[in-house]
Every structure is written in C-alpha cells, then in structure tokens.
1. Among the numbered criteria (1) outside any strand (DSSP E or B); (2) surrounded by 11 or more Cβ atoms within 10 Å (Cβ to Cβ); (3) modelled with pLDDT of 95 or more; (4) of a type outside the set (Ser, Thr, Tyr), which one does Leu31 miss?
2. Would you pick out the residues in the range 52-91 that are under 14 Å from Val15 (Cα atoms), basic (Lys, Arg) and either surrounded by 10 or more Cβ atoms within 10 Å (Cβ to Cβ) or in contact with a Cys (Cβ under 8 Å, 6 or more places away or on another chain) (or both)?
3. Can Lys36 be described as over 16 Å from Glu17 (Cβ atoms) and either at pLDDT below 95 or in a strand (DSSP E or B) (or both)?
4. Would you be able to say whether some residue in the range 5-16 is surrounded by 10 or more Cβ atoms within 10 Å (Cβ to Cβ), in contact with a His (Cβ under 9 Å, 6 or more places away or on another chain) and either β-branched (Val, Ile, Thr) or modelled with pLDDT under 95 (or both)?
5. What number of residues within the range 37-54 are touching a residue at least 12 places away in the same chain (Cβ under 8 Å) and farther than 16 Å from Leu87 by Cα?
Amino acid sequence: MSETTSDAARAARKVREGTVVSNAMDRTAVLAVIEKVRHPRYNKFVQRTKRLYVHDESNDLNVGDRVKVMETRPLSKTKRWRVVEILERAK
C-alpha cells in the first residue's frame, strides 16, 4: 500500500526542461525555463522565463546544457528542484 502511495505522489511532481544559465555555486545550478503562454487580450503567444535553482549533486552541469528537472522537497531557502537527466550538452 505504501509503495503505490509513494509512486502516486512521485508521479504528481512537476517536471520541467530548461537551459543552464549559471553554475557558479557549489552543487547548485540556475536554470532558465521558457514557456509560451497566450496573452489574454491580444491572443498572441508571449515568452515567459522562470529561473529555477536546481540541485546538482555531482557538479557536472555547464552553462548551456539542456536538462530535465523534477520538483522535490525544499533543499535550501530557494532550491526546490533536482536534476533528472541531462538532455543535451552545451556545444
């Protein structure tokens, strides 16, 4: 019973894709997640950028990498995400 409950809770976590814009901190990277949303009045798609602080345990992310991240418990004051996989390395 507890396994299915934990699996259901894990499935409900948010997953985002973004580009690393900073890796100056120790075991932390800053990700820029761009989403396109429709403007309510003008019906034009506009880009919105969110900056997410991501836990990078192995310190192997570089600026320009595309990564997939998953929501997790609070790891610090601002860090709420962890790296799931690196989709593409910076060129």
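The values are calculated or read from the model by the stated rules, or taken from the named source; none is laboratory data. Treat the numbers as computed from the prediction; the structure is a model and nothing was measured. Positions of Cβ are generated from backbone atoms using ideal geometry, with glycine treated the same way; all protein chains shown enter the neighbour counts.
1. Of (1) outside any strand (DSSP E or B); (2) surrounded by 11 or more Cβ atoms within 10 Å (Cβ to Cβ); (3) modelled with pLDDT of 95 or more; (4) of a type outside the set (Ser, Thr, Tyr), only one is false for Leu31: (1).
2. Those that are under 14 Å from Val15 (Cα atoms), basic (Lys, Arg) and either surrounded by 10 or more Cβ atoms within 10 Å (Cβ to Cβ) or in contact with a Cys (Cβ under 8 Å, 6 or more places away or on another chain) (or both): Arg66, Lys68, Arg80, Arg82.
3. So Lys36 does not fit the description; no.
4. No, that holds for no residue.
5. Of the residues in that region, 7 qualify.
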